[in-house]
Amino acid sequence: MKTVKISLAVKIWILLVIFVVPLNLLALGNAFIMISDARRTITNSIQSVIDNQMVAMDERITNADYFLYSFTKYNVDYQSYFQSEDSFPYQLSKSTIINNVMTHQSGVRTADYYFLYQEKQKDFLMIPHNDKVFDKYLFQDGYFEDTENLKHKWSLIKVDKKYYLIREFYDYPTWYGAIIRLDNLLEDINQYLEYPLEDMQFISPGAEDKGKLWLSGTLRKADISVYFALNQNQINRRIDYWRWAMAVIVVMFLLLMPVLYLAIHRWLITPLKILSLAHGELEKGREEYRITVKAKSDEFASVYQSFNNMAQFLQELRLENINKELAKNRMLLDNLQLQIRPHFLLNNFNLLYTVIQKREIETAQKMILYLSNYFRYLFQYDHRLELFDKEFELIQRYLEIAEIKNPGAFTFRADFDPEISLVRVPPLLLHNFVENIISHALLPDRVVHIMFYASYEEGIATFQIADDGRGMQQKDVDRINREEYEEYARGLHVGIRNSITRIKYFYDQKACINVESTLGEGTVFTITIPYNLEESESMKNDIVDGK
């Protein structure tokens, strides 16, 4: 059965459709939930302000009760005021009482007015001042003439279209009490609100006005409920604005999908096709072929330039020694083709898509960071040699990604001499051997242990990469150790072949790679390279500069 191959461009488009559309619809649904929560939060915050004001009003009632009790029971001037017959002592006590009450009012939150009425002398006193409205309501209308008006708790009264709380006491021949204004309660609440309340009433509202939301508060000390009207349309207008704004944003993101695809196609797929075409031209023997297209990014510009430089160098080598030098430069092209390959990117995109579907955000971030570092490291290929620490860091990130695809399939342990950190190696050289283990040595029925050892002694750096996995057939071990690749099909063992060729090229045939393996028991690759840590002063400068 013939396998249907799907191009990289189609796969990326499918990935965008599968990933971006549900994500945007999810964001839209989440936006509506947030809007509903916002409306509820606004209502709760307004209710909280109302409750706080009710508590503050209860505190005023408590302060007024306590003051009335303590003042009338223990204040000497109060007793003198109602017992004095002479005019001067009477007026003196009256003046002192006014000062005491006003001092109390200035020090704590209490009643707005206190009043005293002496039946014998028909003397009505309102503190802090005589209010003509209350003078008529309490005095002139005969309020104090009938003790049935006496209430033993705080009561709601309406005077001149304004609401007040009043509490009065009768101790013959004296009436006294306190009054608290309620007409400014709505204003006191609104100063703390972004959405002001529109009305206040003391009877339960009806349902005739659907545009209003009624919130209530209770004065517990007076056993009175207060109802406040909130205009819902004022809140809904702003919330509806954000609702439609979020919907428009989501639609814009959906409409930008083709733009995102075109950007990926332009910045990634097209450059890869240009590279693939250039490699094909070189394989056809057209050493004069050069990439003349201007790159859209610095990374691919570097790759294009690297390709052109290699192609130029290849052409020059063919003129000098077509058989000897061509093999060396083919190695560089093979390595570039090995590392910049569309299926590598596709495999990681597919794995990244699976991880995102599972909502494993931290894992997705690790994968994206690994790919970023991988290609950044790859595109710096013109540095030729890199510090071992950078190579090992990329290996660690690769193993983290491999663990996602093969959970629990392997363990990794490393042991290095300190001097190894100063050794420079060809980029991705050691990475290829570790990747080879993950690709070919893992077993489905047991955990494979991967060991990485490195040592430095007397100008020789030795790296050992070992595993106890699948192992290799002896004929393949012998061919690798004898460097016999001609009879292998193209692509078979290309990673190992490329690594051996590169290490001998960089270290002038003085380095070697040896493999020992037993089928079913494991494999050990030993890489030995000559390296003099004291001969390169420029290497030390690179380390200091963080290169």
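Assorted remarks:
- Test: residue in segment 477-493 that is at pLDDT below 80, under 30 Å from Ile404 (Cβ atoms) and hydrophobic (A, V, I, L, M, F, W, C): yes
- Which numbered condition Phe300 fails, given (1) under 43 Å from the mean Cα position of the chain (by Cα); (2) open to solvent by 30 Å² or more (accessible area, probe 1.4 Å): (2)
- Residue within segment 89-105 that is part of a helix (DSSP H, G or I), of a type in the set (Gly, Ala, Ser), surrounded by 14 or more Cβ atoms within 10 Å (Cβ to Cβ) and modelled with pLDDT under 85 present: yes
- Criterion: under 15 Å from Thr528 (Cβ atoms) and either in a strand (DSSP E or B) or at pLDDT below 90 (or both) - qualifying residue of Arg502, Arg413: Arg502
- Within segment 262-290, being more than 24 Å from Ser372 (Cβ to Cβ) and either surrounded by 18 or more Cβ atoms within 10 Å (Cβ to Cβ) or touching a residue at least 12 places away in the same chain (Cβ under 8 Å) (or both) holds for Ala278, His279, Leu282, Glu287, Glu288, Tyr289, Arg290.
- Annotation note: of Ala364, Ala454, Ala461, the sole residue that is more than 30 Å from Ser306 (Cα to Cα) and modelled with pLDDT of 90 or more is Ala454.
- Condition met for Val21 (at pLDDT below 70, open to solvent by 40 Å² or more (accessible area, probe 1.4 Å) and out of contact with any Cys (no Cβ under 8 Å at 6 or more places or on another chain)): yes
- Restricting attention to segment 225-248 and to residues that are in contact with a Gly (Cβ under 8 Å, 6 or more places away or on another chain) and modelled with pLDDT under 80, the residue that is surrounded by the fewest Cβ atoms within 10 Å (Cβ to Cβ) turns out to be Asn233.
- The single condition among (1) assigned to a loop (DSSP other than H, G, I, E, B); (2) at pLDDT below 75; (3) not hydroxyl-bearing (Ser, Thr, Tyr) that Lys510 does not meet is (2).
- Counted residues, segment 199-224 - those being modelled with pLDDT under 85 and among the acidic types (Asp, Glu): 2
- Here Met252 meets the list (1) open to solvent by 50 Å² or more (accessible area, probe 1.4 Å); (2) closer than 30 Å to Ile18 by Cα; (3) in contact (Cβ under 8 Å) with a residue 24 or more places away in the chain almost entirely, failing just condition (3).
- Residues within segment 393-424 that are among the basic types (Lys, Arg) and over 32 Å from the mean Cα position of the chain (by Cα), tallied: 2
- Scanning segment 425-467 for residues that are under 19 Å from Asn532 (Cα atoms), among the small types (Gly, Ala, Ser) and either crowded, with 19+ Cβ neighbours inside 10 Å or under 39 Å from the mean Cα position of the chain (by Cα) (or both) turns up Ala454, Ala461.
- Flag if Ile33 is at pLDDT 70 or above, open to solvent by 90 Å² or more (accessible area, probe 1.4 Å) and under 30 Å from Met246 (Cα atoms): yes
- Of all residues in segment 106-161, those satisfying the criterion of being open to solvent by 40 Å² or more (accessible area, probe 1.4 Å), over 25 Å from Met57 (Cβ atoms) and either modelled with pLDDT of 80 or more or touching a Pro at 6+ places or on another chain (Cβ under 7 Å) (or both) are Glu119, Lys120.
- The sole residue among Ala409, Ala454, Ala441, Ala414 that is of a type in the set (Gly, Ala, Ser) and in contact with a Lys or Arg (Cβ under 8 Å, 6 or more places away or on another chain) is Ala441.
The values are calculated or read from the model by the stated rules, or taken from the named source; none is laboratory data. The model shown is predicted, which means the values in this text are computed figures rather than measured ones. All Cβ positions, even for glycine, are placed from backbone atoms using ideal geometry, and neighbour counts span all protein chains on display. Calculation scope for accessible area: heavy atoms of the full protein, side chains included, ligands and nucleic acids excluded. Shrake-Rupley method; radii C 1.70, N 1.55, O 1.52, S 1.80 Å.
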